[in-house]
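Asks: Quick one: this structure, given as structure tokens, is what I'll be asking you about.
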Amino acid sequence: MKSNQRTYLLILGLHVLLAFLIYAVPFLSKIYGVLIPLLGTILLVNSKNKNNEVLLITSYVVGVEVFLRMTGGNAVHELAKYEVIIFFILGMLYSGISKNAIIYLFFILLLLPGVYIGANVLGYEVDVRKAILFNILGEVALFVSALYCFNRKVTLTQIEYIIKAIALPLVSMVVYLFLYTPSIRDVVTGTQSNFATSGGFGPNQVSTILGLGMFCFFALLILFSKSKLVFLVHLALLLMTSFRGIVTFSRGGVLTAIAMIVVLIFVLYWFANTKAKSIIVILTISSLIIGGFVWTYSVLQTGGMIENRYANKDARGREKVDKLGGRGEIANTELIMFLENPVWGIGVGKNKEYREQMTGIEAASHNEITRLLAEHGVFGILAFMILLFTPLIFYLNNREHIFLISFFVFWLLTINHAAMRIAAPAFIYALTLLKVSFVDENTIHRKPTV
């Protein structure tokens, strides 16, 4: 086995060990949370971002965010978004940006009227700064990430390293979940999202990042497994991550992962030669068998409850009236806000307060699209159109970016069920803007193409 593969397996093993250590001594999570930005800054400053090291650093930050939240390692709840913003700004200082990235400057400018309105209309009992930051920080993280990534040349090998950087902390997270809840049967009593199987943290966020992990391990399995041992390790991680994602009882992340995998298979098949097409068909059939195994095991471990959950039934097998767990009603209130304030919107941060006055429901938005409409009005529509169409147009001259559509699907589906609660959708969206080449070079381009 080559030394780089041994190093990779060693790093995977260290992340398994890290899960045991944090489970045994929870305070270590806080040290872990401090070391990541510290070591990331040292790496970036020492390398001067000559090989786009910032992409690896931010990938790791995105992958570890929910695990740190789950284990109390984040000093600030939104710390990962701040880290992504700061690291990418440093990366831009070293490596510049593409002049064509100005389209995302228009995107952020379109959101400023909503910020101004929100700062002036929020109630006296509301912490204005926190309310606005909570709702706009995801967009700011996306803006800064997109500025850095737009048309920046990277190789397929670097994309492999990005996927591995996201996946590494998820290894720790999955192992920790098995330690936290070794017996699923003992904690599943219904079909609602389950905090006990999600490490005691929000199932929606856990499912979202585990879904991303499912895709990462699938991609590593079929494209970047350079030995039988590495292949088996990736297969085991895919099975474990899929199982833990399913038993969160939060469907969004798992269904998003399936959509991403299906898209990747179609893209690979479309561009493959005849021999490769046959291999892809075999891999697809194998994936279905593996998926069937994981699903059957999940059904058995949950006493059939997970089957009812995905069929939108309660614990007794009765059809639920609300198929979206209350998210539909929240989205409907935001559409009403938009119709009442179609031009300027009601202002950033106002939708939660407005909804409580309107319906008595005290809940934050789960849908970033309807939130943009409600809080930003027509400016929100224009901002979303920029986000929606730019990667798709960019793809026309970026066909070697085989992950682009899958990454795009993750962003689009995630913001529909989990808004931008975590940094992942903003960061993964930005990865769609990278200019990917299959050709490995000794040095990766520092500057983006213009």
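Asks: Hey, can you tell me all the residues within the stretch 44-56 that are under 24 Å from the mean Cα position of the chain (by Cα) and not in a loop (DSSP other than H, G, I, E, B)?
Replies: Residues of the stretch 44-56 under 24 Å from the mean Cα position of the chain (by Cα): 44, 49, 51-56.
Within the stretch 44-56, 44, 53, 54, 55, 56 qualify.
Asks: Quick one: would you say residue 151 is of a type outside the set (Gly, Ala, Ser) and on the phi > 0 side of the Ramachandran plot?
Replies: yes
Asks: Where the second residue is open to solvent by 30 Å² or more (accessible area, probe 1.4 Å) and the first is in contact (Cβ under 8 Å) with a residue 40 or more places away in the chain and lies in the stretch 382-395, which pairs have Cβ atoms under 7 Å and are six or more apart or on separate chains?
Replies: 382/110; 383/110; 386/103; 386/106; 390/103
Asks: Next question. Being in contact with a helix residue (DSSP H, G or I) (Cβ under 7 Å, 6 or more places away or on another chain), part of a helix (DSSP H, G or I) and within 30 Å of residue 308 (Cβ to Cβ) narrows it down to one of 174, 140, 187, so name that one. Give the derivation first.
Replies: Working: 140 fails: within 30 Å of residue 308 (Cβ to Cβ); 187 fails: part of a helix (DSSP H, G or I).
Exactly one of 174, 140, 187 is in contact with a helix residue (DSSP H, G or I) (Cβ under 7 Å, 6 or more places away or on another chain), part of a helix (DSSP H, G or I) and within 30 Å of residue 308 (Cβ to Cβ), namely 174.
Asks: Let me ask something else. Might you let me know whether the stretch 88-99 holds any residue that is more than 27 Å from residue 175 (Cα to Cα), among the aromatic types (Phe, Trp, Tyr) and at pLDDT 95 or above?
Replies: Quick first cut of the stretch 88-99, residues more than 27 Å from residue 175 (Cα to Cα) only: 88-99.
Keeping just the survivors that are among the aromatic types (Phe, Trp, Tyr) gives 88, 94.
From what's left, at pLDDT 95 or above: 88, 94.
Checked against the condition, which is being more than 27 Å from residue 175 (Cα to Cα), among the aromatic types (Phe, Trp, Tyr) and at pLDDT 95 or above, the stretch 88-99 yields at least one hit.
Asks: Also: Output the residue which, of all residues in the stretch 22-41 that are touching a Ser or Thr at 6+ places or on another chain (Cβ under 9 Å) and in a helix (DSSP H, G or I), is nearest to residue 90 (Cα to Cα). Full working, then the answer.
Replies: Our first condition is that a residue be touching a Ser or Thr at 6+ places or on another chain (Cβ under 9 Å); within the stretch 22-41, this holds for 22-23, 26, 28-30, 32-33, 40.
Cutting the leftovers down to in a helix (DSSP H, G or I) gives us 22-23, 28-30, 32-33, 40.
Values: 22: 30, 23: 34, 28: 28, 29: 26, 30: 24, 32: 22, 33: 20, 40: 11 Å.
Filtering the stretch 22-41 for residues that are touching a Ser or Thr at 6+ places or on another chain (Cβ under 9 Å) and in a helix (DSSP H, G or I), the one nearest to residue 90 (Cα to Cα) comes out as 40.
Asks: Filter the stretch 329-368 down to residues that are acidic (Asp, Glu) and open to solvent by less than 60 Å² (accessible area, probe 1.4 Å) and give me whichever is farthest from residue 110 (Cα to Cα). Write out each step before concluding.
Replies: Taking the stretch 329-368 first, the residues acidic (Asp, Glu) are 329, 334, 340, 353, 356, 362, 368.
Filter once more, so that each one left must be open to solvent by less than 60 Å² (accessible area, probe 1.4 Å): 334, 353, 368.
Details: 334: 19, 353: 23, 368: 15 Å.
The extreme case among them is 353.
Asks: Can I ask one more? Considering each of 271, 249, 217 in turn, give the residue that is in contact with a Pro (Cβ under 9 Å, 6 or more places away or on another chain), touching a residue at least 40 places away in the same chain (Cβ under 8 Å) and either open to solvent by 10 Å² or more (accessible area, probe 1.4 Å) or of a type outside the set (A, V, I, L, M) (or both).
Replies: 249
Asks: Residues in the stretch 10-17: is at least one in a helix (DSSP H, G or I) and either within 20 Å of residue 140 (Cβ to Cβ) or in contact with a Phe, Trp or Tyr (Cβ under 6 Å, 6 or more places away or on another chain) (or both)?
Replies: No: the stretch 10-17 contains no residue that is in a helix (DSSP H, G or I) and either within 20 Å of residue 140 (Cβ to Cβ) or in contact with a Phe, Trp or Tyr (Cβ under 6 Å, 6 or more places away or on another chain) (or both).
Asks: Which residue pairs have Cβ atoms closer than 6 Å, lie 6 or more positions apart in sequence or on different chains, and pair a first residue in the stretch 52-79 that is over 24 Å from residue 196 (Cα atoms) with a second residue that is assigned to a loop (DSSP other than H, G, I, E, B) and open to solvent by 20 Å² or more (accessible area, probe 1.4 Å)?
Replies: Every condition considered, the pairs that remain are 52/444.
Asks: Here's something else I'd like to know. Where in the stretch 282-369 are there helices (runs of 4 or more DSSP H), lying wholly inside it, with at least 2 residues that are modelled with pLDDT under 85, of a type outside the set (D, E, K, R) and under 28 Å from the mean Cα position of the chain (by Cα)?
Replies: Numbers: elements: 305-310, 327-340, 350-359.
It comes to 327-340.
Asks: Based on what the data block shows, is residue 102 modelled with pLDDT of 85 or more, in a helix (DSSP H, G or I), among the β-branched types (Val, Ile, Thr) and surrounded by fewer than 15 Cβ atoms within 10 Å (Cβ to Cβ)?
Replies: Spelling it out, residue 102 is indeed modelled with pLDDT of 85 or more, in a helix (DSSP H, G or I), among the β-branched types (Val, Ile, Thr) and surrounded by fewer than 15 Cβ atoms within 10 Å (Cβ to Cβ).
Asks: Tell me which residues, restricted to the stretch 4-45, are among the polar types (S, T, N, Q) and in contact with a helix residue (DSSP H, G or I) (Cβ under 9 Å, 6 or more places away or on another chain). Reasoning before the result, please.
Replies: Start the filter on the stretch 4-45 by keeping residues that are among the polar types (S, T, N, Q), which leaves 4-5, 7, 29, 41.
The answer is 5, 29, 41.
The values are calculated or read from the model by the stated rules, or taken from the named source; none is laboratory data. Everything numeric in this text was worked out from a predicted model, so none of it was measured. A quick note on method: Cβ atoms are made from the backbone with ideal geometry, for glycine too, and the neighbour counts reach across all protein chains shown. Surface accessibility is based on the protein's heavy atoms, side chains included, excluding ligands, DNA and RNA. Shrake-Rupley method; radii C 1.70, N 1.55, O 1.52, S 1.80 Å.
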